[in-house]
Amino acid sequence: MKKILRHRMFWPVIALLALIVLNTIARPSFISITVQNGQLYGALIDILRNSAPLMLVSLGMMIVIATRGIDLSVGAIMAVSGAVALTIIADSPSPDDLGTVLVAILVGVLVSLLLGIWNGFLVAVVGVQPIIATLVLMLAGRGVALLITGGFITTINSAPYKFMAQGYVIGLPFAFFVSIAAIVIVALIERRTALGVLTEAVGINPEASRLAGVRARGIIWGAYAASGVLAGFAGILYTSNIMAADANAAGLYIELYAILAVVLGGTSLAGGKFTVAGTVVGVFTIETLRSTILFLGVPSAVAPLFLAIVVVIVVLVQSQRLRGAVAKLAQALRPKKPEVAR
Amino acid sequence: MTSVPVTTEKAPTGVVRRFLSRRASWVPVFAAVVLLVVIFAAAQAYFGNILTPRVISALLLDNAYLFILAVGMTFVILTGGIDLSVGAVMAFTGMFGASLMRDGMPSAAVVPIMLLLGAAFGLAIGVLVQYFDVQPFIASLAAMFAARGLAFMVSLDSIKVEDGAILWLQSTRLQAGVGSWYITPTGIIALLVVLVGALVLAFTRFGRTIYAIGGSEQSARLMGLPVVRTKLLAYVVSGVCAGLAGVVFTAYTGASYPLNGIGTELDTIAAVVIGGTLLTGGSGYVVGSMIGVFVYGTIKTVISFLGADQSWTRISIGALLLMFVVVQRVIVARSNRR
Amino acid sequence: MAADTEARPIAQMRGITIEFPGVKALDGVDLTLRGGEVHTLMGENGAGKSTLIKALTGVYPIDAGTIVVEGTPRTFRGTSDAQAAGISTVYQEVNLCTNLSVGENVMLGHEVRGPFGIDWKSTHREAERHLEGLGVRIDTRSLLAAHSIAVQQLVAISRAMVTDSRVLVLDEPTSSLDRGEVDQLFGVIRGLRDRGVAILFVTHFLDQVYEISDRLTVLRNGALVGEYPVAELPRAELIAKMIGRELDEFAAISRSADREIDRGGDPVIRATGIGRRGVLEPADVEVYDGEVVGIAGLLGSGRTELVRLLYGADRADAGRVEVRGRPARITNPRHAIDRRIAFSSEDRRAEGIVGDLTVAENIVLGIQAKRGALRKLRKAEQDAIVEEYIQALGVRPANPNALIRNLSGGNQQKVLLARWLATAPQLIILDEPTRGIDVGAKADIQRKVAELSEQGLGVVFISSELEEVVRIAQRIVVMRDRRKIGELTSHDTDVDDLVAFIAEEHDTQESPESVA
């Protein structure tokens, strides 16, 4: 029992379950799933579908955070990749052609990869602090996206493009499969290879890792590149959902939601140990919370307030000092003392 | 053996070297000044009508709120922290103040309430950072979310302000002559905040402790300086500045809108960094931040003169930020090698 | 020179006990500091010296015991409480703010204030006065960062004098100073002592203890061994009290070192004229198969710098390196690792362990890094390697899933050794592998090094403890002032010879001798 309680996934999962239970009590329809035309519908299905962009971005963010970094530019990269893809489709004579759509997606993601590589270059090679290095692109990226769309909101009609966010495969939203694919690929790459543990080593102690022969620079660089690519796909999904490239609104605040999802999932912002499963739970928690807030009839603009409350609760729960105080009160655990430095 | 040996290290000779040995941290500020001059010179050469009293006076007027935010942000960044909440707190205090005034409360009562609200946000961030070891980034992020949500809770639409005193802050133009230099009370407030900020940092123990914490928090603690109190206070200063910016911005627009100041925290941080403050803390000046805001405002003006899309402002600021950060990085790397 | 033994006690610590989770760092320790006396705190690394100092200066709260300063019982809740009581500290890693001016560092928190805030002119004048009291004349408006560690240390002492401290704690102040700087520091200390300040001095350098102090307190394993007037405690006895047991177990290691090394073929590594401007003057080093090459010299003599260049941790700007007779360009650690060279840094915490990873993950990190991220070790292989090294080196606890940061220093060191041995190196560079670890682990590690070299591994071994170097190495490279000053073979050398050699041609008469 104690082991379960102290497992890093315990609190994230409890938080998600609590939200689902509360929602179900408030509106029993929450967990009901109906079938229409062989497609599943319901609040939970919506959560699975709507969470896809955040899922992709959060997975990338998790890898970057594990290296002791942070990527503020993901929202801007989403805007750029969406703008690129939609501009290609809008300018093409055959927007419904699958080939056109694939080229558009490919180019959008490649541009995102380049932006990610740029971030990685600043952090890993030039040695700029991650917050600032990615702040540069966060500031400039949306401007670039606006320039690509010529300052307008580009809208398109393209059935294959629309399918990505709005289509269904074997009764489930296609976007959900994109999420699953991203989760599986990230988990395989990080955990089936040694990349995950090497990334953690770099995040925990960069200098020791370098001296142990870990190619820290490459790992950090790769993390930002991966974050860029994932944000690029997220941008495609986002534009596919609204079939428009809105450089200002695309991915707005998503960097913050993603950071929150990662932290909720039990990965410390100080870098090091990370869990893919935790991040997945974190993303679903946030998406469920959003759905709850919407259901409560709170204007979506006020939603940040609730997120703020959640953030504060989460960081307080993670806080050593508070834990120490609680533990002292309960006399269950020894209070933490400063590290023995002799 | 009992005679005390003497170490004498002479001050370096030569004006430049002596200056560098004492005031190396001013170098980035001068870089920003040079940058500002270059932008002005280039714009003047291109347009011919940038360097007019009207345009320059408007710079101060249009960016008064940003000067105030930048001063508060400088305090926080000097301790090695960051405050992402300033734009949202500015919006919320503006909304709250506007709604109180709409309900008939006199501005003399509303303004202090707005400042106190700002202070409360700053205090909350400070407590999270100091007592619960929350990273400043996250703590101020939570405050940003909260303030933004609260701003919308006050009203989803903009609230017009009809209070005479508030509008007076903006509409009064103390003018040297027609078409000449002018300054509004909001501009005066902004300059006063800069002045007070600079004096506090240079001439009070609180100010010096901020620098000491930014240099090495552990050292500051071992030196017996009041680290906890000072850091809390730095966030409160930033919060109060955000509240005051709320007043000034409300006066500037004549109304409060819950979407005000989105992205302003990034503009503020960019201006502070361009003004030569190191994000790692311990080095920088309020005066530099003022220059940074001027650079920001000038670029914005130049881009509107060009008739170009305002997205170029953010792109230029991003590029400048990059340039300055890389230069800072090189400076730090060089001083580490020594 | 010895002070009046009946001098008035200024600070008295009685029965101080401090517990950390799982460790009793101090157990009922007493310490009495008297005015006009230099009192040295002695003990091996891990004896509890730092903890005791931190209790005295308010960094750690005490779990039991009393602290009485000038007759008043005190409870320190922070460093400012201790400073208010007149106890100031100068730490080894000078805790000042290098981003501020010299004068400000002296006066921070005690600036002279006028009607308009801080009066900088008077503040700097005050700072100048305090510095001059210690014989330091420097531009108080210059940045602290521009000055040497020695000057920064004096600035820190001046700061203590601003608060009119009755007790001055100096925690290993001399570890990065050269002889001239030490002389100056001692001059300052004597001056303060004569003014009636009680000085608590911590050092590893035995000769400095006998040079400067009047009284000694010896700690061992967190407990008090005793308090002695310096004049009544010869060195040999002091060492015995610090170590607490005879060194029989080291004798076998010593015998292993008396082997003849075959220096016929190409050496594992041969560096010619390797150096870096401002860091190390060009030096030659070579290591043969099965040979242990010791590097002796004081901290800051260039010994760490030399091996970091060999390994590529820092980049050399002069010299050539050959590995097994073939030219090798080693500019980063990967290059060294690819040539089967391993390096364990002296800074275990910052440059060795990856704290939040497990023992197992730390052990396989070296192999895994070498194989690359894509070729992950299979679980079974990993378990086998980890098991083997935990057994071979006697890592305690023998739990591969324990987080390494929860292990003691000695066991962390064993894990790091395992990390490198698992990569099957042909040369291993160990920088202070025995620093700050208990005697048992020390012997384990030395024994392992001797055993490995007998099996043909080339070893470079650095230690501040000259006895250790003499015991374990066949050949000793001697460093001083950032250059190599010579080489000795160990079977016709003992510690005294080595000390003499290091001290040769030195400006002062005192011989810098160093024993843990």
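Derivation of every value follows stated rules applied to the coordinates shown; laboratory data play no part. The model shown is predicted, which means the values in this text are computed figures rather than measured ones. Here the Cβ positions follow ideal geometry from the backbone for every residue, glycine too, while neighbour counts run over all protein chains shown.
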Run the numbers on chain A and let me know its relative contact order in percent, using alpha-carbon pairs under 8 Å that are six or more apart.
30
Search the structure for amide H atoms under 5 Å from the amide H of residue C:461, placed 1.01 Å from N in the peptide plane, and list their residues when 5 or more places away or on another chain.
C:293, C:294, C:295, C:430
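For peptide A:294-307, what's the mean number of Cβ atoms from other chains within 10 Å of each residue's Cβ? Write down the numbers at each step before the final one.
Details: counts 0, 0, 0, 0, 3, 5, 1, 8, 9, 4, 11, 9, 3, 6.
The per-residue average across the peptide is 4.
Report, in deg cm²/dmol and to the nearest 500, the calculated mean residue ellipticity at 222 nm for chain C, where each DSSP H run with n ≥ 4 adds -39500 (n - 2.57) and the sum is divided by the residue count.
Only helices count here, giving -10000 deg cm²/dmol.
Less than 14 Å Cβ to Cβ from residue B:86, Lys/Arg counted +1 and Asp/Glu -1: what total charge do the surrounding residues give? Display every interim value, and only then the final one.
On the way: positive: B:148; negative: B:83, B:265, B:267.
That works out to -2.
List the relative contact order of chain B as a percent without decimals, with contacts defined as Cα pairs under 8 Å and 6+ residues apart.
Working: 562 pairs, mean separation 107.3, N = 338.
It rounds to 32 percent for chain B.
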Under a point-charge model restricted to the Cβ atoms of Lys and Arg (+1) and Asp and Glu (-1), what is the dipole moment magnitude of region A:135-264 relative to its Cα centre, in debye to the nearest 20?
240
In chain C, helical segments from DSSP H whose Cα atoms cover 15 Å or more along their own axis and that average at least -1.0 on the Kyte-Doolittle scale are C:149-162, C:179-194, C:359-371, C:379-393, C:409-421, C:439-454
Summed side-chain charge close to residue C:424 - residues other than residue C:424 whose Cβ falls under 11 Å, Lys, Arg +1, Asp, Glu -1:
+2
Can you give the local net charge around residue A:296? Use residues other than it whose beta-carbon is closer than 12 angstrom to its beta-carbon, Lys and Arg +1, Asp and Glu -1.
+2
Find which of B:115, A:59, B:225 sits farthest along the positive direction of the dipole of the protein assembly as shown, computed with +1 on the beta-carbon of Lys and Arg, -1 on that of Asp and Glu, about the Cα centre.
B:115
28 Å Cα-Cα threshold exceeded, pairs from C:24/C:379; C:241/C:484; C:54/C:442; A:273/C:370; A:273/C:24:
C:24/C:379; C:241/C:484; A:273/C:24
For chain C the mean separation of alpha carbon contacts under 8 Å (6+ apart) over residue count, i.e. relative contact order in percent, is 15
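Tell me the mean residue ellipticity at 222 nm calculated for chain B from its helices only (DSSP H runs of n ≥ 4, each -39500 (n - 2.57), averaged over every residue, nearest 500).
Details: 15 runs with 247 residues, N = 338.
The per-residue figure over chain B is -24500 deg cm²/dmol.
Counting DSSP beta bridges with both partners in region C:9-243, what percentage is antiparallel, nearest 5?
Numbers: 25 of 43 bridges.
Once the DSSP bridges in region C:9-243 are tallied, antiparallel ones form about 60 percent.
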If the only charges are +1 at each Lys and Arg Cβ and -1 at each Asp and Glu Cβ, what is the size of the charge dipole of region C:9-243 around the Cα centre, to the nearest 20 debye?
340
Looking at chain B, do any whole DSSP H helices span at least 24 angstrom along their long axis by alpha carbon and average 1.6 or above on Kyte-Doolittle, and which?
B:27-47, B:107-132, B:136-154, B:185-203, B:286-306
Counting partner chain Cβ atoms within 10 Å of every residue's Cβ in B:47-60, what's the average?
0
Top mean-square fluctuation among A:36, A:129, A:166, Gaussian network model of chain A, C-alpha springs under 10 Å?
A:36
Arrange the peptides B:124-132, B:269-277, A:175-183 so that the one whose residues have, on average, the most other Cβ atoms within 10 Å appears first.
B:269-277, B:124-132, A:175-183
CD proxy, 222 nm, chain A: helix-only mean residue ellipticity via -39,500 (n - 2.57) per DSSP H run with n ≥ 4, per residue, nearest 500, stands at -21500 deg cm²/dmol
Listed residues A:173, A:93, A:130, most fluctuating in chain A (Gaussian network, C-alpha, under 10 Å)
A:93
Computed magnitude of the charge dipole of region B:27-329 (debye, nearest 20; Cβ of K, R +1, Cβ of D, E -1):
480
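For the protein assembly as shown, give me the percentage of DSSP beta bridges that are antiparallel, rounded to the nearest 5 percent. Walk me through the intermediate numbers first.
Numbers: 56 of 94 bridges.
Of all bridge pairs located within the protein assembly as shown, approximately 60 percent are antiparallel.
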Gaussian network model of chain A, springs between alpha carbon atoms under 10 Å - residue of A:170, A:33, A:20 with greatest fluctuation:
A:170
Counting other Cβ atoms within 10 Å, which trypsin sites (Lys or Arg not before Pro) in region C:9-117 have at most 14 and lie in a DSSP loop?
C:77
Take peptide A:60-67, look around each residue's Cβ out to 10 angstrom, count Cβ atoms belonging to other protein chains, and average those counts.
0
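Can you pull out the trypsin sites (Lys or Arg not before Pro) in region C:260-294 that DSSP calls coil and that have at most 15 other Cβ atoms within 10 Å?
Values: sites: C:263, C:270, C:276, C:277; in loops: C:263, C:277.
When the trypsin sites (Lys or Arg not before Pro) of region C:260-294 are filtered for loop state and at most 15 Cβ neighbours within 10 Å, C:263, C:277 remain.
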Cα centroid separation, region C:42-121 to region B:116-137 (Å)
27
